[in-house]
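Taken together, the values in this text are just the output of simple stated rules run on the coordinates, not laboratory data. If you're wondering where the values come from, they're calculated on a predicted model, not measured in any experiment. Cβ atoms come from the backbone with ideal geometry, glycine included; neighbour counts cover every protein chain shown.
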Amino acid sequence: MPARTHTARALRRRAPGLILITAAALYSVVPLLSMVSAALAPQGTFPSGLSWPSDPHWHNFVDAWNVANITTLLKSSTLIVLGVVPAAVLIATMAAYAIAVLEIPLGGVFYTVLVLTLTLPYEIVIVPLYEQTRAMGLLGTQWALILPLIGMNMPFAVFWMRAHFAGVPKELSEAAGMDGAGPWRALFHIHLPLARPAIASLALLMFLSTWNQFLLALVLIDDPDKRTMAGALQAFTTKYSTDQVLLNAGALLIMAPTILVFLVLQRHFVKALLQGSVKG
């Protein structure tokens, strides 16, 4: 009886959390399943609800791939991501290390200004960015998207990495200094190995935000073949606004790389969150 009572109490305590997790999972998975079922319906139809078609049309994905020119957009998106993510992660890691560990002069003021920029509306910088990239002769090129995204990712990236470095015990840096290790050696041999989960999770978040970039790609790049996959979604939906089947198939093709990357790196993301919440 005591064991059963203890189990019942444990279940009652866990029930609200399980209900919330289940509701959140259904809220995320059901729309995705509805998109899959709609993408497999015959072209030209108007599927509604969540029902598996009796004769799935798998060739819809091939048609959506060819019509939306996914191959070219995949190459363009990959190039933009490779231009943004490594550079932004490197700069943010160095800046956060200088602020949190080296405690450079005016580092607190610099960090405060960066954090305050997170409160600015995203749309407020679009017109200045457009004028600046046009003056630099970059408008319409992929550099017009790469360079602004590196800068716009800095506030959150520095905030993320500083939170990690601030949680590392100072005794590690002091011990490294007593052994004759300078700031660079301490960074590469002590702090970076400890920061791998934080760096991997930051790279994941930057990849998702860059891959899904829509508004800047639409404004700064007029050639659809040079945009991100999400940026070309506008042209795709305009051409096939009445064909819900190809719309869903194209959206799933655009979402697939982000889902795969998240599944591969999710353990690093969870490890970084746990590392930031548990100290000592």
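Counting residues in the chain as N, plug N into 2.2 N^0.38 Å and put the Cα Rg over that result.
Here the answer is 1.26, to two decimals.
Toward the positive end of the charge dipole of the stretch 60-277, about the Cα centre and with charges on Cβ (Lys, Arg +1; Asp, Glu -1), which of 156, 94, 224 goes farthest?
Checked the options; the winner is 94.
Expected output is a single nm value to one decimal: the length gained when fully extending between residue 51 and residue 194, i.e. 0.36 nm times separation in residues minus the C-alpha distance. What is it?
This chain segment gains 46.7 nm when fully extended.
Points 7 angstrom from Cα along the Cβ direction at residue 225 and residue 21: gap in nanometres?
Distance between label points: 4.8 nm.
Please work out the FRET efficiency for the pair residue 75 and residue 171, using the Cβ-Cβ distance as r and a Förster radius of 35 Å; give the result to the nearest 0.05.
Calculated value: 0.15.
What number, in percent, do you get for the relative contact order of the stretch 60-277 if the mean sequence gap of Cα pairs under 8 Å and at least 6 apart is divided by its residue count?
Here the relative contact order equals 34 percent.
Taking the highest mean first, how do the peptides 116-128, 63-75 order by number of other beta carbon atoms within 10 angstrom per residue?
So the peptides 116-128, 63-75, ranked by packing, come out 63-75, 116-128.
Going by average Cβ neighbours within 10 Å, how do the peptides 169-182, 210-223 rank, with the highest at the top?
210-223, 169-182
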